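K.L.:
I am attaching a structure below and will ask some questions about it afterwards.
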Amino acid sequence: MAKQSGLHQIRGKVGEHSYYKQTGVDSGLIRSINQGMSNRVKTAAEYANTRLNNAEFGHACKIAGVLGKTIMPKYRPMVLPFSQSKMAKIILDTIKLQTGNWGERSLPSGDTGKAALLNALRSVVKNDPSGYGVSVTPDTSEVIVSTDSEVCPAKLTELGADGYVVNIVRNNIQVGNYVAALRGYQYTYRVWNQGELTITDDDSQSTPVILPQLPPVPSGQAESFELVIAVIMPYRTINSVNHILQEACTFMAL
């Protein structure tokens, strides 16, 4: 694979070449574009199944992209490398198990679809949140955050931290279904509310975070899922200022 060198590196397509970056590779990469093959894949009969696969793969990638935005804030050390592709694979595996026409399948409603979203998010957590001594319980209009009186102080001591800042994000995610009139999938997006609180080694608090409502769409064109993301951010207090320890942050998907 050809690589770029120098300070000023190109991104995107130029002529018959594509310039791009890859995680773990410092320099930019270059690949040639087979223009004839590109057109054949889009239109030729022998690539009909490829187009069906691509439609469902693209749909899974869009869902994964929306999922990645539910983590707020999102520090680099919190997630594993290639997190979006990992989530897309899990979502696509669930999509492929569904009934319906090839190239038109989506996540099912209810617990099965929600489980796929939760599994995807949990698969990319870098720091295991179970050892932080924090529990999060969503309620109708608020979220209760409490700490374990033994596990939490021990974890804070291990990290050299003075407490946690916990950001709660309540997400209402609308996953689009295939719509024949659109010749593709309805748009996938989310709306959200968030609230933040600070807890120390032995604490229990609640913060009001009301679930936002999705704009209505025609019946059957989308499935809605409610997810709560709790981002746990250890902090160290220096000269009365709390500094987030980004490398020790984690998150929970509920």
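K.L.:
State whether one or more residues within region 118-140 are open to solvent by less than 60 Å² (accessible area, probe 1.4 Å), closer than 28 Å to Asn49 by Cα and modelled with pLDDT of 95 or more.
P.N.:
Among the residues of region 118-140, at least one is open to solvent by less than 60 Å² (accessible area, probe 1.4 Å), closer than 28 Å to Asn49 by Cα and modelled with pLDDT of 95 or more, which makes the answer yes.
K.L.:
Does region 62-105 hold any residues that are among the aliphatic types (A, V, I, L, M), in a loop (DSSP other than H, G, I, E, B) and open to solvent by less than 20 Å² (accessible area, probe 1.4 Å), and which are they? Please lay out each step first, then the result.
P.N.:
Residues of region 62-105 that are among the aliphatic types (A, V, I, L, M), as a first pass: 63-64, 66-67, 71-72, 78-80, 87-88, 90-92, 95, 97.
This time we only want the ones that are in a loop (DSSP other than H, G, I, E, B), so: 71-72, 80, 97.
Result: Ile71, single match.
K.L.:
Go through region 170-188 and count every residue that is assigned to a strand (DSSP E or B) and in contact with a strand residue (DSSP E or B) (Cβ under 6 Å, 6 or more places away or on another chain). So that I can check it myself, show each step before the final result.
P.N.:
Just the residues of region 170-188 that are assigned to a strand (DSSP E or B), to begin with: 170-176, 178-179, 184-185.
Filter once more, keeping what is in contact with a strand residue (DSSP E or B) (Cβ under 6 Å, 6 or more places away or on another chain): 170-176, 178, 185.
Result for region 170-188: 9.
K.L.:
Can you tell me which residue is nearest to Thr147 (Cα to Cα) among those in region 194-249 that are open to solvent by less than 50 Å² (accessible area, probe 1.4 Å) and of a type in the set (Gly, Ala, Ser)?
P.N.:
Ala230
K.L.:
Against the definition (open to solvent by less than 40 Å² (accessible area, probe 1.4 Å) and under 19 Å from the mean Cα position of the chain (by Cα)), how does Gly176 come out, yes or no?
P.N.:
yes
K.L.:
I'm trying to understand the selection: among the residues of region 106-138, which are assigned to a strand (DSSP E or B) and aliphatic (A, V, I, L, M)?
P.N.:
In the first step, residues of region 106-138 are kept if they are assigned to a strand (DSSP E or B); the result is 125, 134-138.
Residues satisfying the conditions are Val125, Val134, Val136.
K.L.:
Can you name every residue in region 15-61 that is modelled with pLDDT under 75, farther than 26 Å from Tyr185 by Cα, open to solvent by 70 Å² or more (accessible area, probe 1.4 Å) and not in a loop (DSSP other than H, G, I, E, B)?
P.N.:
Gln35
K.L.:
Do any residues in region 134-150 that are without any contact (Cβ under 8 Å) to a residue 24 or more places away in the chain and among the acidic types (Asp, Glu) have Cβ atoms under 8 Å from those of residues that are part of a loop (DSSP other than H, G, I, E, B) and open to solvent by less than 60 Å² (accessible area, probe 1.4 Å), where the two are at least six apart or on different chains, and which pairs are they?
P.N.:
Every condition considered, the pairs that remain are Asp148/Gly133; Glu150/Gly133.
The values are calculated or read from the model by the stated rules, or taken from the named source; none is laboratory data. Since the structure is predicted, the reported quantities are computational estimates derived from the model, not experimental observations. Cβ atoms come from the backbone with ideal geometry, glycine included; neighbour counts cover every protein chain shown. When the accessible area is computed, the model is the full protein with side chains, heavy atoms only, and any ligands, DNA or RNA have been set aside. Shrake-Rupley method; radii C 1.70, N 1.55, O 1.52, S 1.80 Å.
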